[in-house]
Amino acid sequence: MAHTETCDTKTTATVTIDGKQVTVPVGTTILEAAAQLGIKIPTLCWLKKVSTTGACRICVVKVEGVERFMTACNTPVKDGIVVITSTPEIEATRKKTLELMLVNHPLDCPICDAAGECDLQDTCYGLEVDKNKYTAELERLPIRYDWRLLESDPNRCILCEKCVKVCREVVGREAIEIVDRGDRTIIDTLTREPLDCDFCGNCINACPTGTLISKPFKFRGRPWTFEVTKSICAFCSSGCEIEYHAKDGRIERVTSSDDGYNKGNLCINGRFGYAAFNSSGRLTAPLIKDASGHQQKATWDQALGVAAGKLKQIISASGGSAVAGIGSPRVTNEESYLFQKFLRGAVGTNNIDSEARLGFLPAQVIQFGMLGYSGGTLPMDAIEQATAVIVIGADLKGESAGFAYRVIQAATRNNAKLILANSRATSMNKFANSFLQCKPGSEAWLVAGLNKAILAEGLQNSAFIQKNSAGLDACTTALDAISFEQVTAATGITEAALRGAAVLAVNGGHTAVIYGADVIRSADLPNAVKGVVNLALLTGAVGETGAGIYPLDEKNNTQGMLDMGVCPEYLPGYHTYERMAATFGTAWNAAVPAAPGKDLFQIIEGIENGEIKALYVMGSDPLHFMPDRNRVLKALQKLELLIVQDLFLTESARLATVVLPAATGAEKAGSFTSVDNRVQCFGCAVAPAGQARSDAEILAKLHGLVAPVTAIGGQTPEELHHEMSGLTGLYRETCDHDGCRMGRVKNRVAFNDKPAAFAAAIPAAVPSADNSYPFSLTVGPILHHNGSMSTWSENNLLVAGSCYAEICFVDAAKAGIAANDNVKLSSALGSIVLPAKLSDAQQPGSVFVPAHFREAQVNLLLKNAVGTVSVKVEKG
């Protein structure tokens, strides 16, 4: 007799838990279903963001019809089941389980850093475990004091495995694992060598006991003695929600809640970078250069008086155009707005720019022209639902680790196909379905080849393209003008690899496109960025069913800074001078110049030829970030007035006429805009160090001294936000929320207003190799630092303390270079010497140097905004 099966298409299940009914999706666990009813089941090993194990067995429940107790955390519901979560028998079983756990657990709560926030403590208290009939002879296991930033005490471990799973499933590392067996089982590195990992500390956040603790926080105080302030991370562009723990005016710890947008996940900078705020290198008092050229401490009145007086003299003699300003991606939206308002409204100059000129700004001008929108088109959590993710020219963890965590979730939980297109291998390669390793500087050709492959295979999203875009024919014509053979010659990537990646790129119809530093600092930036946006249009990534396009920048508020008009091309809100200069002038009671000002490089030229006599630098260090360091140094030395407003006495600050000490992100209130366009407000956690002040307060005082008629000192935060919203048109004002007087959400542009535009992008010819400088040097970010600010953090320096030149083993062997040997890198502009780091991530003929370290002065080698340069590599 034939056997027939019926297919159960039911997608929900109705269950009864403690007499209450709930209907949930199939696959929901008993624990999750109970939570929907407000029924709390105790757990120790369960963590929402990782897979379940049922290791602790504290969550056992009774399912009617099942003889044994079931673990609620990993038992899926079935339609019609009846669950009881608490009976005397269940409570006795849970209590016994806890008692057995405590047999080998040291009762060192008085000195344990986790005391007061220990899940094991809380569970024992909740289950009234006040005595233990089980005993055993305790054998103390060695504590891992030799790990950097973390300390591991295996004696406190209950083997819940949460730390292991967070490391593997969230961070994408397997730095710690379960080792040994039986009563010798512990969590450790597989090799028993000291921990070598991302040092994100997410395992600390997951640990339910005091097994894993933060070494910098050890013995800093009991958790309940700290004032906790919700805030937004002031390091990378992911915009993670954090909590500052402050005591006696210092930030002593940073944590993040699993209930927040970033699910409690941070990187090393977010969790440990706060040490920079407490650095002995902080500026705590204003400085004025005396007649002998030495900087002396001064009062605020003296410093602001000198700055304002000299500014007014220069404006009176040479006009406002003789003044320029360099802004910062580190400061708040409000402070960037006030900075450009001071320069445009009080000084009368549009000579205002920032380090975004080195790539992010030009890239966004192009993206804005094609899409009508800059920055990410969706909040970054949309990436987790992607069915395909394309990452081009980016080291995700080095540039913005929050994006890396989202991509890992898409690849591992949503089975998204991941395409990595980069000149270097990164820690994300283990998740990639396709790795397109291109020659450094050939990114425009790579993207053109991928777009050509998509069209050749007929894989483009025709429905989206027809409905929402224009210009595909011009794009196609441009691609027809190049051959796959040319693409392969320029990139080193075969036609077959490109066609294979094209198939993956449209997998499932829900694509995300992410592009980073190697694209936006490419030698052929215009065609590289046009090609990336074309790719997002071809795949429908920017459409209703897409998962978005995301340009990356390393700093926390680059997007917000540009929104606020810290650039010479646009007024705040990307308004043109022709249309809106008069409107802004009326609102500010000032005459706003009607023509665009000088950009970053034109400012240096203007100083050299005598047109610009004064420079106001806020939260930035041109001597560190600008290429051709010697040229910049000579220019800064030529100025009649240099005002530097910063946290630290940077190399640029050492040249300043007036130095103004500023506050960190923890020492003020305001808002940041992440690169995916989330506008997040935060409050002040501690008072500024010493006499430091917030950039907003400094700007208000200086504005009042230079142009009293347009003074901004009397504005309330609400009035300032209303002004910003009204003039920029970027925001919708919403209700107040924690940590901010007024929250705002950035408006978005729909394609029904204006169709997206394809661009004709024909890559420029790749320069032929220079035998005098045969290596290609890339300068960029690394995982363990963020900008130069983290190099003031003793925590970060403990993990990555100095600069290096990373080369491949093949090239090292040819040159007779061993690890840590001194290597001389020379370009047409200069040379530097760094220790060698040998790596499989580099391809032959390429070198990588981290951009963070001031002492390395790698910008001596760079000529322009391009992040790559031809160099010679020599031993010693």
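From the list ARG57, ARG68, the one residue that fits, being in contact with a helix residue (DSSP H, G or I) (Cβ under 6 Å, 6 or more places away or on another chain) and either more than 24 Å from CYS157 (Cα to Cα) or in a loop (DSSP other than H, G, I, E, B) (or both), is ARG57. For GLU806, the conditions (1) open to solvent by 50 Å² or more (accessible area, probe 1.4 Å); (2) among the charged types (D, E, K, R); (3) within 30 Å of PRO194 (Cβ to Cβ) are fulfilled apart from (1). The single condition from (1) modelled with pLDDT of 95 or more; (2) closer than 20 Å to ALA687 by Cα; (3) assigned to a loop (DSSP other than H, G, I, E, B); (4) open to solvent by less than 40 Å² (accessible area, probe 1.4 Å) that SER280 fails is (4).
Here's the yes/no breakdown for (1) buried (at least 17 other Cβ atoms within 10 Å of the Cβ); (2) closer than 28 Å to LYS634 by Cβ:
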position: ALA813; (1), (2): no, no
position: ALA818; (1), (2): no, no
position: ALA828; (1), (2): no, yes
position: GLU855; (1), (2): no, yes
position: VAL858; (1), (2): yes, yes
position: ASN864; (1), (2): no, yes
position: GLU874; (1), (2): no, yes
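Surrounded by fewer than 24 Cβ atoms within 10 Å (Cβ to Cβ), among the β-branched types (Val, Ile, Thr) and over 16 Å from LYS598 (Cα atoms) - does that describe any residue in region 323-345? No, that holds for no residue.
Residues of region 13-47 being closer than 25 Å to LEU102 by Cα, in contact (Cβ under 8 Å) with a residue 24 or more places away in the chain and open to solvent by 40 Å² or more (accessible area, probe 1.4 Å), which ones? Matches in region 13-47: TRP46 only.
Among the residues of region 689-698, the one identified as within 15 Å of ALA234 (Cα to Cα) and open to solvent by 20 Å² or more (accessible area, probe 1.4 Å) is SER694. The single condition among (1) buried (at least 21 other Cβ atoms within 10 Å of the Cβ); (2) more than 17 Å from the chain's Cα centre (by Cα); (3) not charged (D, E, K, R) that ALA308 does not satisfy is (1). Pairs linking a residue in region 767-790 that is open to solvent by 30 Å² or more (accessible area, probe 1.4 Å) to a residue that is among the aromatic types (Phe, Trp, Tyr), with Cβ atoms under 7 Å and 6 or more positions apart or on different chains, are HIS784/PHE199.
Do we have any residue at all in region 463-483 that's free of Cβ contacts under 8 Å to residues at least 60 places away in the same chain, of a type in the set (S, T, N, Q), open to solvent by 50 Å² or more (accessible area, probe 1.4 Å) and closer than 30 Å to ASN752 by Cβ? Yes, region 463-483 contains a residue that is free of Cβ contacts under 8 Å to residues at least 60 places away in the same chain, of a type in the set (S, T, N, Q), open to solvent by 50 Å² or more (accessible area, probe 1.4 Å) and closer than 30 Å to ASN752 by Cβ.
For GLY500, the stated conditions hold: it is open to solvent by 10 Å² or more (accessible area, probe 1.4 Å), closer than 23 Å to ASN433 by Cβ and in contact with a helix residue (DSSP H, G or I) (Cβ under 9 Å, 6 or more places away or on another chain). Taking region 491-539 as the range and being part of a loop (DSSP other than H, G, I, E, B) and without any contact (Cβ under 8 Å) to a residue 12 or more places away in the chain as the test, only THR494 passes. Filtering region 116-132 to residues that are assigned to a loop (DSSP other than H, G, I, E, B) and under 12 Å from LEU98 (Cβ atoms) leaves LEU127, GLU128, VAL129, ASP130, LYS131, ASN132. For ASP811, the conditions (1) assigned to a helix (DSSP H, G or I); (2) without any contact (Cβ under 8 Å) to a residue 12 or more places away in the chain; (3) not hydrophobic (A, V, I, L, M, F, W, C) all hold with the exception of (2). In region 98-110, which residues are out of contact with any Cys (no Cβ under 7 Å at 6 or more places or on another chain) and either of a type in the set (Gly, Ala, Ser) or part of a helix (DSSP H, G or I) (or both)? Of everything in region 98-110, those that are out of contact with any Cys (no Cβ under 7 Å at 6 or more places or on another chain) and either of a type in the set (Gly, Ala, Ser) or part of a helix (DSSP H, G or I) (or both) turn out to be GLU99, LEU100, MET101, LEU102, VAL103, CYS109, PRO110. You will find that of THR539, THR488, THR494, the residue that is touching a Ser or Thr at 6+ places or on another chain (Cβ under 8 Å), open to solvent by less than 10 Å² (accessible area, probe 1.4 Å) and among the hydroxyl-bearing types (Ser, Thr, Tyr) is THR539 and no other.
Within region 508-523, restricting attention to residues that are open to solvent by 20 Å² or more (accessible area, probe 1.4 Å) and under 18 Å from GLY359 (Cα atoms), which residue is nearest to the chain's Cα centre (by Cα)? Ranking the candidates gives ALA517 first. The residues of region 841-876 that are in a loop (DSSP other than H, G, I, E, B), out of contact with any Cys (no Cβ under 7 Å at 6 or more places or on another chain) and under 24 Å from ALA425 (Cα atoms), listed by number, are ALA841, GLY845, ALA851, HIS852, LEU861, LEU862, ALA865, VAL866, GLY867.
Of the listed requirements (1) assigned to a loop (DSSP other than H, G, I, E, B); (2) in contact (Cβ under 8 Å) with a residue 60 or more places away in the chain; (3) out of contact with any Gly (no Cβ under 9 Å at 6 or more places or on another chain), ASP113 misses just one: (3).
Before we move on, is THR664 among the hydroxyl-bearing types (Ser, Thr, Tyr), touching a helix residue (DSSP H, G or I) at 6+ places or on another chain (Cβ under 8 Å) and open to solvent by less than 10 Å² (accessible area, probe 1.4 Å)? Yes. Being modelled with pLDDT of 95 or more, buried (at least 18 other Cβ atoms within 10 Å of the Cβ) and out of contact with any strand residue (DSSP E or B) (no Cβ under 6 Å at 6 or more places or on another chain) is a description that does not apply to PHE217.
Taking region 574-648 as the region of interest, the helices (runs of 4 or more DSSP H) fully inside it that hold 2 or more residues being closer than 26 Å to ALA517 by Cβ and open to solvent by 10 Å² or more (accessible area, probe 1.4 Å) are 600-608, 622-625, 629-638. Is at least one residue of region 335-357 on the phi > 0 side of the Ramachandran plot and at pLDDT below 95? No; the residues of region 335-357 include none that is on the phi > 0 side of the Ramachandran plot and at pLDDT below 95. Among the conditions (1) modelled with pLDDT under 90; (2) open to solvent by 20 Å² or more (accessible area, probe 1.4 Å), TYR731 misses just one, which is (2).
For region 48-70, a residue qualifies if it is closer than 27 Å to GLY172 by Cα and crowded, with 23+ Cβ neighbours inside 10 Å, and exactly one does: CYS56. The set of residues in region 33-47 being more than 23 Å from TYR125 (Cα to Cα) and in a loop (DSSP other than H, G, I, E, B) consists of LEU37 alone. The residues of region 438-458 that are open to solvent by 10 Å² or more (accessible area, probe 1.4 Å) and without any contact (Cβ under 8 Å) to a residue 60 or more places away in the chain, listed by number, are LYS452, ALA456, GLU457, GLY458. Among the residues of region 220-265, those identified as open to solvent by 20 Å² or more (accessible area, probe 1.4 Å) and among the aromatic types (Phe, Trp, Tyr) are TRP224, TYR261.
The values are calculated or read from the model by the stated rules, or taken from the named source; none is laboratory data. These numbers were taken from a predicted model, which means no experiment stands behind them. FYI the Cβ positions are ideal-geometry reconstructions off the backbone, even for glycines, and counts take in every protein chain you see. Side chains are part of the model used for accessible areas, which takes the heavy atoms of the whole protein and leaves out ligands, DNA and RNA. Shrake-Rupley method; radii C 1.70, N 1.55, O 1.52, S 1.80 Å.
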